[in-house]
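Working notes for the structure below.
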Amino acid sequence: MPSDVTESLAPSRSRLGIDDETYTQLSRVPYGERVAAVARAALARLDCPQYLSALDNALIEEPPPFGTDAYADIYCEASQDGQWMAVSLITNAEREGDGAKRLWSLGACSDDENEQQQLKRHAVDESRHALAYLALLDLTFPDATSPAFRKELNALSPGFSMDQPLCAVEGSPYAKLPSIDDFVQMNIAEIRTALHHLMQRPALATHCPPDNRSRARSIQQSLLQDELYHVAYTAALIERRAQSGRLNLAELFTRRFHDFNLITLEELGDRRFDCSLACCAKRPWCRAKAHISDA
Amino acid sequence: MTEKMTVVDNVHVSETTRDAVQNLQGQGRKVQVIGRLVNGKVELDHASLNEMAKKFPNAEMAFVAVNAPFDPNSVAPST
């Protein structure tokens, strides 16, 4: 393994070996195995043993609901509704813009030049992704929004670029020195976002006018590549910090999967489900939910 | 010149926007999202919100992208 794995993550994403074929391969993986598969696809050319060990352990201890058939089924059903799909694209644009600002603040406060540049690059990517989701909206649902509202939506992207100097967003709780915990949270969240892209591509194709499908697919491919790159670079930062830190990485990953699993289920509201028998056997709150739904 | 505002589905929009929406409705398009940005946040019309609530009762918007830390109270950097 290189002495500093983050140095092997050059800005050129082609070095990671993530290409069109990656989508095809990942979309063939059963939903129950996709979380691990996404991480491994992102790390195809990186050696991060501590990261992978902690991830694998967490997937056993806290199986994520977003890696289940039930989660995919709910998405599949919801996404058949064009109105829902259009709002979903707008909401995703909004969240990408928010995330970009968090990363911009985090990057501004980093005392490590390498991390700072990677966080900046990431924030610029997410800023661009906000516009990419809006482009998908335009291609898939032409004229779904009024011109005035559509123009307003462009403001969801903070418009960050690598030419701009980093500075913390005023009042942001993320204006702080980044920790390994931040990178673990980012990594888990990025894996889920990549999984969403795998489900979103066929769903959007059903709504997209045939003439626009090729351009929509190209944007979606670019988004997936970026998200996998983000999984890879955060994994590399985690690996580097884990080598020099005193933290129990497996424990941290498990705790953060637990937190993010709850967030995921809360997002689903009354559609939350009991993710698996193994999960429900371990978690009283999962069984409690089953009793509520039985009542 | 300030545009005159009106209300469509409980959302304040300009008359230009209202006319555009009516035009879209006239064309029979199924997917229409009416809204506005308030302090950088999207505010959708009631029809869109109802559609979401029908699919996901008592839910936040599901299946959204998260790309940054989700808990600002992270473990200290030195640990």
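Quick grid of which residues meet (1) in contact with a strand residue (DSSP E or B) (Cβ under 8 Å, 6 or more places away or on another chain); (2) aromatic (Phe, Trp, Tyr):
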residue	(1), (2)
A:PHE141	no, yes
A:ALA144	no, no
A:ALA148	yes, no
A:LYS151	no, no
A:TYR174	no, yes
A:SER179	no, no
A:ALA216	no, no
A:GLU227	no, no
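Out of the residues in segment B:29-65 meeting the condition of being closer than 24 Å to A:THR264 by Cβ and small (Gly, Ala, Ser), tell me which one is surrounded by the fewest Cβ atoms within 10 Å (Cβ to Cβ).
B:ALA53
Can you find a residue that is closer than 21 Å to A:GLU251 by Cα and of a type in the set (D, E, K, R) anywhere in segment A:14-26?
No: segment A:14-26 contains no residue that is closer than 21 Å to A:GLU251 by Cα and of a type in the set (D, E, K, R).
For segment A:250-270, give me each residue that is away from every other protein chain (no Cβ under 11 Å) and under 18 Å from B:PRO69 (Cβ atoms).
A:PHE253, A:THR254, A:PHE257, A:HIS258, A:ASN261
If A:VAL169 satisfies all but one of (1) modelled with pLDDT under 95; (2) in a helix (DSSP H, G or I); (3) more than 8 Å from chain B (Cβ to nearest Cβ); (4) touching a Phe, Trp or Tyr at 6+ places or on another chain (Cβ under 8 Å), what's the number of the condition it fails?
For A:VAL169, the failing item is (2).
What helices (runs of 4 or more DSSP H) completely inside segment A:77-165 contain at least 3 residues that are more than 8 Å from every other protein chain (Cβ to nearest Cβ) and of a type in the set (Lys, Arg)?
Helices (runs of 4 or more DSSP H) meeting the threshold: A:113-140.
Of the residues in segment A:117-141, how many are acidic (Asp, Glu) and under 18 Å from the mean Cα position of the chain (by Cα)?
2
Pairs please, first residue from segment A:235-248 and at negative phi and buried (at least 24 other Cβ atoms within 10 Å of the Cβ), second anywhere and among the charged types (D, E, K, R) and not in a loop (DSSP other than H, G, I, E, B), Cβ atoms under 8 Å, 6+ apart in sequence or on different chains.
Listed pairs, sorted by first residue: A:LEU237/A:GLU115.
Go over the candidates A:LEU262, A:LEU268, A:LEU224 one by one and state the one that is of a type in the set (A, V, I, L, M, F, W, C), touching a Ser or Thr at 6+ places or on another chain (Cβ under 9 Å) and in a helix (DSSP H, G or I).
The match here is A:LEU224.
Out of the residues in segment A:46-61 that are surrounded by 22 or more Cβ atoms within 10 Å (Cβ to Cβ) and assigned to a loop (DSSP other than H, G, I, E, B), which is modelled with the lowest pLDDT?
Looking at residues that are surrounded by 22 or more Cβ atoms within 10 Å (Cβ to Cβ) and assigned to a loop (DSSP other than H, G, I, E, B), I get A:LEU46.
Yes/no matrix, rows are residues, columns are (1) of a type in the set (A, V, I, L, M); (2) modelled with pLDDT of 95 or more; (3) crowded, with 16+ Cβ neighbours inside 10 Å:
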{"residue": "A:SER14", "(1), (2), (3)": "no, no, no"}
{"residue": "A:PRO30", "(1), (2), (3)": "no, no, no"}
{"residue": "A:ARG34", "(1), (2), (3)": "no, yes, yes"}
{"residue": "A:ALA72", "(1), (2), (3)": "yes, no, yes"}
{"residue": "A:ALA78", "(1), (2), (3)": "yes, no, yes"}
{"residue": "A:ASP81", "(1), (2), (3)": "no, no, yes"}
{"residue": "A:VAL87", "(1), (2), (3)": "yes, no, yes"}
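State the number of residues belonging to segment A:172-181 that are facing chain B (nearest Cβ under 7 Å), crowded, with 17+ Cβ neighbours inside 10 Å and assigned to a loop (DSSP other than H, G, I, E, B).
Within segment A:172-181, residues that are facing chain B (nearest Cβ under 7 Å), crowded, with 17+ Cβ neighbours inside 10 Å and assigned to a loop (DSSP other than H, G, I, E, B) number 3.
The values are calculated or read from the model by the stated rules, or taken from the named source; none is laboratory data. In this text, all values refer to a predicted model and were calculated from it rather than measured experimentally. Here Cβ is always computed from backbone atoms with ideal geometry, including for glycine, and neighbour counts include all displayed protein chains.
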